[in-house]
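For reference, the structure discussed in these notes is given below.
Readers should treat all values here as calculations from the given coordinates under stated rules, not as data from a laboratory. What you are looking at is a predicted structure, and each value in this text was computed from that prediction instead of being measured. Cβ placement follows ideal geometry from the backbone for every residue including glycine, while neighbour counts extend to all protein chains displayed.
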Amino acid sequence: MKIIMLGAPGAGKGTQAIKISEKYGLPHISTGDIFRANIKGGTELGKKAKEYIDKGALVPDELTCDLVVDRIHQDDCANGFVLDGFPRTIPQAEALERALSKENESIDFALDIEVPDEAIIKRMSGRRVCPKCGASYHVESVPPKKEGICDKCGAELIIRADDEPETVKNRLSVYHEQTQPLIDFYKKTGVFHEVDGTKPLDDVFADVVSILGEHS
Ligand code: AP5
């Protein structure tokens, strides 16, 4: 199963992608996580990506497409993958399509997690992330067992730098301008499914499973 997650920043793509990855045994590939790991590691890619991410802008396609195309050709992607945060522009979607069609393959599911902007802003202000293992929480809807501490690895949780309210507003406007057109792009391919992302996260996941099927 080759799955892509669409939806605004903070819609819950990462949360659902991890659950899909666990249930169906597929690698979870998050371009945001890849960039953040590179920033943390001080790589050249990380230095370049940081300039854009800190402003809430998109990292240029030329830094992003080859990275993802290489990643989906690794052995662990033989049975599929969940792409979270890619594609985000029409040229990225076209690059993905070209790479897959060379192998006579295509995307099976494009899941669009829909949440209105007002709810997004509220969600982002309550998000806390683990700088060590990447787990994501929300102070109200998905709290850790012990306040401020990651359930999975015990590290102290932080607020993501690009979750500042001004940056979130910019990320949302970039989303509407550059990423939302992908909805029409994927509607034309017949693999598009909209999911109501305002429900509690287990209900959102139940809807996702009803689209993907119970098989593993
Ligand atoms: P990325 O890390 O991909 O950020 P994003 O798309 O903005 O998405 P988020 O990770 O912020 O949110 P999410 O939808 O995964 O929501 P989450 O599950 O965490 O990208 C960061 C940056 O990297 C971009 O801005 C860009 O600069 C760059 N970048 C990345 N990919 C790129 C690309 N392809 N091209 C160019 N640039 C790229 O949930 C959010 C919060 O809500 C959490 O607190 C969670 O616990 C909570 N929550 C989740 N579901 C629910 C629910 N159902 N009910 C209540 N709360 C919920």
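Summary table
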item	result
Peptides ranked, highest mean first, by Cβ atoms within 10 Å: ranges 181-187, 78-84	78-84, 181-187
Relative exposure of Arg36, Arg160, judged by other C-beta atoms within 10 Å (fewest first)	Arg160, Arg36
Rounded to 5, the percent of DSSP beta bridges in the chain classed as antiparallel	25 percent
For region 131-147 versus region 70-92, the gap between their alpha-carbon centres in whole angstrom	26 Å
Cβ crowding within 10 Å averaged over residues, with 26-35, 48-57, 147-156 ranked highest first	26-35, 48-57, 147-156
Listed pairs Lys145/Lys199; Lys13/Lys122; Lys2/Lys146 exceeding 24 Å between Cα atoms	Lys2/Lys146
